[in-house]
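The next block holds one structure in the form of structure tokens; read it before the comments.
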Amino acid sequence: MQHWARTVFEDLLWTNSEVSQQTRVDAMRVIELIEECKTHRFRTEELQKTANQLLECVEIEALAELMWSVTTSLGFQNYAIFVLNKGAHASLEPRICTSFSNDWIVRYIESEYQYIDPVMMKAGQSDGWFTFAQLDNNSPAVRDFWLDAEKYRIGRNGICFAITQSEGERIGVSFSSQAPQERIEHIVRKNGLDLCILAKLASDAFCFAASGPAIPDDTLTVVELRFLHVLSTSPNPQDALELSSCFGSNDALQASIRSKLGVDTVFQAVAIAASKGWFNLLPYEANEVLRPFEPLNASSINPQLSRDLNEKPTLKDG
């Protein structure tokens, strides 16, 4: 994957017959100096600014907006950050942060496309990057998958990065488009290394923002903490104590909580959990759909496509 400096110089000099051979030699030396520099230089100030923001990103909403900025500034149509493997500690809840429309996400889940999607299949095999042109799209099931995706304006061309984190989580970061493959190849030639670094930063930010609760293993489980959270937010705590369908045996659950925290009542346990901020660390639930911003102005687009184009990136449980 060439860095942008080489491509820029090639476009300027190698297509110009009036440039001397010595100028070309000098240009190659400049390219080597830039590409061997230990400090990465992004192609544009906008990408550099986005990289700095990704380094400090701690919230899914902010991550969604930053990724949309990268997607549109480089000429892609959609992005997706998705969990391929939760790792040994299983600290990530299955989820995806993406700009795909809600209709496509529903269709994807209902059709169980995670077992067919060639991007997800290849990303799950090993770390690294690949363009969609490298995928095996010959099977009838995969061809049908792409035909169905195109109905939702999901492009079959793009690039994907597979990244394994220090705790074993494997994250996929993809950018896709309906543009011809030649256009994607041009984007990758000029911005490939920048995209690789941005994908790693996005993966780091995603793992931090989407992590499960940082509660010691010998303290409360997520199920126990959810029970206390329901208890703390219920308008009638006595009724909340009778809940059983979601939490199993209430008696056993309450006894476990009291024993672990060394308290006499579950209401004392609520106070401890609230004081330690554990409720703020609970994983997102299915109804927490985030719509942080308007990605596009589709006024100049075919009205039949306007609704899809104006749907915002959402966070969905996978």
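The values are calculated or read from the model by the stated rules, or taken from the named source; none is laboratory data. These numbers were taken from a predicted model, which means no experiment stands behind them. Counting neighbours? That spans all protein chains shown, and the Cβs are built from the backbone with ideal geometry, glycine included. Areas reflect the complete protein model, heavy atoms only, side chains present, ligands, DNA and RNA absent. Shrake-Rupley method; radii C 1.70, N 1.55, O 1.52, S 1.80 Å.
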Could you tell me whether any residue of segment 40-56 is open to solvent by less than 90 Å² (accessible area, probe 1.4 Å), at pLDDT below 75 and in a helix (DSSP H, G or I)? no
Within segment 175-186, track down each residue that is of a type in the set (Ser, Thr, Tyr) and surrounded by 23 or more Cβ atoms within 10 Å (Cβ to Cβ). 176
With the requirement that a residue be touching an Asp or Glu at 6+ places or on another chain (Cβ under 8 Å) and over 26 Å from residue 169 (Cα atoms), what does segment 48-89 give you? 73
Subset tally (residues that are at pLDDT 80 or above and within 30 Å of residue 53 (Cα to Cα)) for segment 204-261: 7
Checked pairs for segment 126-153, first without any contact (Cβ under 8 Å) to a residue 12 or more places away in the chain, second open to solvent by less than 50 Å² (accessible area, probe 1.4 Å) and of a type in the set (S, T, N, Q), C-beta under 8 Å and 6 or more apart or across chains, list as 143/137; 146/137
Selection status of residue 119, over 27 Å from residue 73 (Cα atoms) and either β-branched (Val, Ile, Thr) or modelled with pLDDT of 95 or more (or both): no
Apart from one, (1) under 29 Å from residue 201 (Cα atoms); (2) touching a Pro at 6+ places or on another chain (Cβ under 6 Å) all hold for residue 159; the odd one out is (2)
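Quick one: which helices (runs of 4 or more DSSP H) lie wholly within segment 95-173 and hold at least 3 residues that are surrounded by fewer than 20 Cβ atoms within 10 Å (Cβ to Cβ) and of a type outside the set (A, V, I, L, M)? Give the steps one after another, and end with the answer.
Working: elements: 102-110, 118-123, 140-151.
So the answer is 102-110, 140-151.
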Can you work out which of the residues in segment 257-273 that are under 12 Å from residue 220 (Cβ atoms) and within 36 Å of the chain's Cα centre (by Cα) is most open to solvent (accessible area, probe 1.4 Å)? 260
Search result, residues across segment 65-93 that are open to solvent by less than 20 Å² (accessible area, probe 1.4 Å), modelled with pLDDT of 85 or more and part of a strand (DSSP E or B): 78, 79, 80, 81, 82
Which members of segment 169-183 meet the condition of being touching a residue at least 12 places away in the same chain (Cβ under 8 Å) and farther than 19 Å from residue 81 by Cβ? 178, 179, 180, 181, 183
Which of the following residues is farther than 19 Å from residue 119 by Cα and not hydroxyl-bearing (Ser, Thr, Tyr): 187, 197, 171, 159? 197
Search segment 164-177 for residues being modelled with pLDDT of 95 or more and not small (Gly, Ala, Ser), and hand back the single one that is farthest from residue 70 (Cα to Cα). 173
Any residue in segment 256-271 that's of a type in the set (Gly, Ala, Ser): show its pairings with residues that are surrounded by 13 or more Cβ atoms within 10 Å (Cβ to Cβ) and in a loop (DSSP other than H, G, I, E, B) at Cβ separation under 9 Å, as long as the two are six or more apart or on different chains. 256/220; 256/221; 269/220; 269/263; 271/263
